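Worksheet for the structure shown next.
The values are calculated or read from the model by the stated rules, or taken from the named source; none is laboratory data. Note that the structure is predicted; figures quoted are calculated from it, not measured. Quick reminder, even Gly has a Cβ in these numbers, built from the backbone with ideal geometry, and neighbours come from all protein chains shown. Side chains are part of the model used for accessible areas, which takes the heavy atoms of the whole protein and leaves out ligands, DNA and RNA. Shrake-Rupley method; radii C 1.70, N 1.55, O 1.52, S 1.80 Å.
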Amino acid sequence: MARSGSKPAALPEQERLEVSNRSILPAATRQAVRQQRPVVIVVAGQPSAGKTTLAGLVAGVLHRRGGAVRVGRDLYKSLHRHYAGALATDVRTAGALVRPDIAH
């Protein structure tokens, strides 16, 4: 289990790729619809600026035109094998401990 003040808990490259290929990509693209003119929308901003809320609204609009594949760090933290332990130890630092892996 991670302790407060712990160093980032980076996974080995092979494990990170396996999580991506077996969990993240299939889940994100399961209901994707091939589109003749796909659109990419990037939502960025400071912490607590409302990015997640805005991304949800944008996804709702895109759903009406055939769907959307949503990609974002916060969606994948729970798949990191160290995240639950880090979260149980200190909710304020758990995200930082898994950030090296979810930033790829």
Practice task
Please state which of the following conditions Gly56 fails to meet, knowing it meets all the rest: (1) closer than 21 Å to Asp101 by Cβ; (2) free of Cβ contacts under 8 Å to residues at least 60 places away in the same chain.
Solution key: (1)
Practice task
Would you mention how many residues in segment 66-79 are part of a loop (DSSP other than H, G, I, E, B), more than 19 Å from Pro47 (Cα to Cα) and either in contact with a helix residue (DSSP H, G or I) (Cβ under 8 Å, 6 or more places away or on another chain) or modelled with pLDDT of 85 or more (or both)?
Solution key: 2
Practice task
For Arg37, indicate whether it is in a helix (DSSP H, G or I), out of contact with any helix residue (DSSP H, G or I) (no Cβ under 9 Å at 6 or more places or on another chain) and open to solvent by 50 Å² or more (accessible area, probe 1.4 Å).
Solution key: no
Practice task
Kindly indicate whether any position in segment 80-97 is surrounded by 15 or more Cβ atoms within 10 Å (Cβ to Cβ), in a helix (DSSP H, G or I) and in contact with a Pro (Cβ under 9 Å, 6 or more places away or on another chain).
Solution key: yes
Handout entry: Boolean, Val19 is farther than 18 Å from Ala96 by Cα and touching a residue at least 60 places away in the same chain (Cβ under 8 Å)
Key = yes
Completion exercise
Note on segment 21-47: residues at pLDDT below 85 and more than 16 Å from Ala68 (Cβ to Cβ) are Pro47
Exercise for the section: Taking Gly45 as meeting all but one of (1) in contact with a Lys or Arg (Cβ under 6 Å, 6 or more places away or on another chain); (2) in contact (Cβ under 8 Å) with a residue 40 or more places away in the chain; (3) not polar (S, T, N, Q), write down the number of the exception. Expected result: (2)
Problem - Filter result (among the charged types (D, E, K, R) and open to solvent by 90 Å² or more (accessible area, probe 1.4 Å)) within segment 17-34 - result: Arg22, Arg30, Arg34
Problem - Residues of segment 46-65 satisfying the condition of being of a type in the set (D, E, K, R) and open to solvent by less than 100 Å² (accessible area, probe 1.4 Å) - result: Lys51
